[in-house]
Amino acid sequence: MQTKTPPFTRAQIERIIEKHPTPFHLYDEKAMRQNARRLVAAFDWAPEFREYFAVKACPNPHIMKIFKEEGFGADCSSMAELCMAERVGITGEQIMFTSNDTPADEFRKARDLGAIVNLDDITHIPFLEENGGLPGLICFRYNPGPLREGNAIIGHPEEAKYGFTRDQLFRGYKIARDKGVKRFGLHTMIASNELDPNYFVETADMLFDLVAEISAEIGIRFEFVNLGGGFGIPYRPEQQAIDMEYVGSGIARSYDARIRSKGLHPLSIYMESGRMMTGPYGYLVAKVLHLKDTYRKYAGLDACMSNLMRPALYGAYHHITVLGKEGRDKDTVYDVTGSLCENNDKFAIARPLPRLEVGDIVVIHDAGAHGHAMGFNYNGKLRSAELLLREDGSVKQIRRAETLDDYFATLDFGEL
Ligand SMILES: *Cc1c(COP(=O)(O)O)cnc(C)c1O
């Protein structure tokens, strides 16, 4: 059992709240950097290893800059993400552009930036040719369909909209080769929030075997495989984090057996993890606004599902700590809610917590990925600030909270 202790005390948060009212997201820089270094160390055997941080998990330039300093690139899938990478100074092959149903202008932008383009479909080869041109280096996304089991969030691969079939993959590389493409990569991503470390070793096995088969049949040389994202995190205290040293050494053994022994070395290993890089290191901090006792007990927060929609969207568990009451018995059962006019606006349902008082500060754990990022403005809710807890203990605002002016900025009241 993990204890799930926030890296700050109630007194510290009270000081932060004096300047930055709740709700806000707070990211722990030190923990993010330590985790990033552990990941890189787990793959130090590889000829080259690079993590392309999946920007969508936490699209903030300050977070991206931290990862840039740790040697990461950026995995982008939209115009905004490409532009954000550019403005952080992440360009060229430090960008992996893994998109789907891609608009022409996004391919052109990716090509302008010199990004590695990872195509989702065989028809995107001519589409890219017309919109930005074929690059010298190209990557295709593989969907193994019925050849591989998916998992709960992403579903069965054959029902997933992503990627080339196996047959299309062979044809696609042949087409690209005949059009003069010289450098090749292979990508897959068929799971999301997966906690079984063996799953990722098996994914590497699958990609390495494909690299060998395609190289032999088509006579091309692969530069890299991209293992994608989907690395899970232990949202529940009883879950176990993925042992990345175990994954790294498992993939190293697979590399020796499937790549090195077949003369296909060197092959770079890339990843595009989002959740595992920021998820556990981000906290949604909110206050108890109202306590309500009807058919159930409700604790209404000043945050709502527009700050974190995973519980409402997936029924996801997010651990909750009540600051200053960590040691108390969890003897009262609450639904912890937001204020949206939607009954699924609940951070937790029937959750045992210490007895709450109005004004209590609650910390919702594991909100660093797909948290603020998934925010929205339904019901006129404004998106919250993002703060960075720096290594020296100071706090820096890395995104201000939205104002009503932001909310109204796309409306023209003058035409009424
Ligand atoms: C979402 C996504 C990722 C990151 O997924 P995580 O679950 O956050 O690791 C990586 N690659 C692609 C193509 C994605 O869509």
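Numbers at a glance
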{"item": "Flagged links, alpha-carbon separation over 25 Å, of K287/K330; K161/K182; K56/K179", "result": "K161/K182; K56/K179"}
{"item": "Placed amide H near F164: partners under 5 Å, 5+ positions off or other chain", "result": "R141, Y142, N143"}
{"item": "Debye, to nearest 20: dipole size of the chain, +1 on Lys, Arg Cβ, -1 on Asp, Glu Cβ", "result": "620 debye"}
{"item": "Highest to lowest packing among 226-237, 13-24, scored as the average C-beta count within 10 Å", "result": "226-237, 13-24"}
{"item": "Amide H contacts under 5 Å for S268, placed H, 5+ residues apart", "result": "F224, V225"}
{"item": "Solvent-accessible area, 1.4 Å probe, carbon plus sulfur percent, for the chain", "result": "49 percent"}
{"item": "Percent breakdown of C-alpha pair distances by 5 Å bin, ordered from the shortest bin, for segment 91-273", "result": "1, 8, 17, 20, 20, 16, 10, 5, 2, 1, 0"}
{"item": "Taking the chain and dividing mean pair separation by its residue count, relative contact order in percent (alpha carbons under 8 Å, at least six apart)", "result": "19 percent"}
{"item": "Backbone HN-Hα couplings from phi across segment 36-42 [Karplus 6.51/-1.76/1.60, Hz, Gly and Pro as x]", "result": "4, 5, 4, 5, 4, 5, 5"}
{"item": "Among 110-120, 381-391, the order from most to least packed when residues are scored by Cβ within 10 Å on average", "result": "110-120, 381-391"}
{"item": "Approximate spin-label separation C341-D256, in nm, with each point projected 7 Å along Cα-to-Cβ", "result": "6.4 nm"}
{"item": "Among 126-136, 164-174, the order from most to least packed when residues are scored by Cβ within 10 Å on average", "result": "164-174, 126-136"}
{"item": "Calculated from backbone phi, Karplus (6.51, -1.76, 1.60) coupling profile of segment 67-83 in Hz, x at Gly/Pro", "result": "5, 4, 5, 8, x, 7, x, 10, 9, 10, 9, 8, 4, 4, 5, 4, 5"}
{"item": "Percentage of interatomic Cα-Cα distances in segment 280-404 larger than 17 Å", "result": "56 percent"}
{"item": "Reachable aspartates and glutamates, given that their alpha-carbon falls under 19 Å from the alpha-carbon of K174 and they are not under 8 places away in the same chain", "result": "D120, D121, E129, E130, D209, E213, E217, E223"}
{"item": "Ellipticity estimate at 222 nm from DSSP helix runs (n ≥ 4, -39,500 (n - 2.57)) divided over the chain, nearest 500", "result": "-9000 deg cm²/dmol"}
{"item": "Relative contact order of segment 5-131, defined on C-alpha pairs under 8 angstrom at six or more residues apart (%)", "result": "17 percent"}
{"item": "Reachable aspartates and glutamates, given that their alpha-carbon falls under 18 Å from the alpha-carbon of K65 and they are not under 8 places away in the same chain", "result": "D28, E29, E51, D75, E81, E86, E93, E272, E386, E391, D392"}
{"item": "Diffusion constant of the chain at 25 °C, which comes from Stokes-Einstein with the Kirkwood Cα-pair radius and 0.890 mPa s, µm²/s", "result": "108 µm²/s"}
{"item": "Solvent-accessible area per residue for segment 196-345 (1.4 angstrom probe, square angstrom)", "result": "40 Å²"}
{"item": "Within a Gaussian network of the chain (alpha carbon springs, distance under 10 Å), most fluctuating of D405, D209, D105", "result": "D405"}
{"item": "Counting all C-alpha pairs of segment 350-416, share separated by more than 14 Å (%)", "result": "75 percent"}
{"item": "Residue-by-residue Karplus 3J(HN,Hα) for segment 107-114, coefficients 6.51, -1.76, 1.60, Hz, glycine and proline x", "result": "4, 5, 5, 4, 5, 4, 7, x"}
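The values are calculated or read from the model by the stated rules, or taken from the named source; none is laboratory data. From a predicted model like this one, the values you see are computed outputs, not experimental measurements. Neighbour counts run over all protein chains shown; Cβ positions are idealised from the backbone, glycine included. Accessible surface is based on the protein model in full, side chains and every heavy atom, while ligands, DNA and RNA are left aside. Shrake-Rupley method; radii C 1.70, N 1.55, O 1.52, S 1.80 Å.
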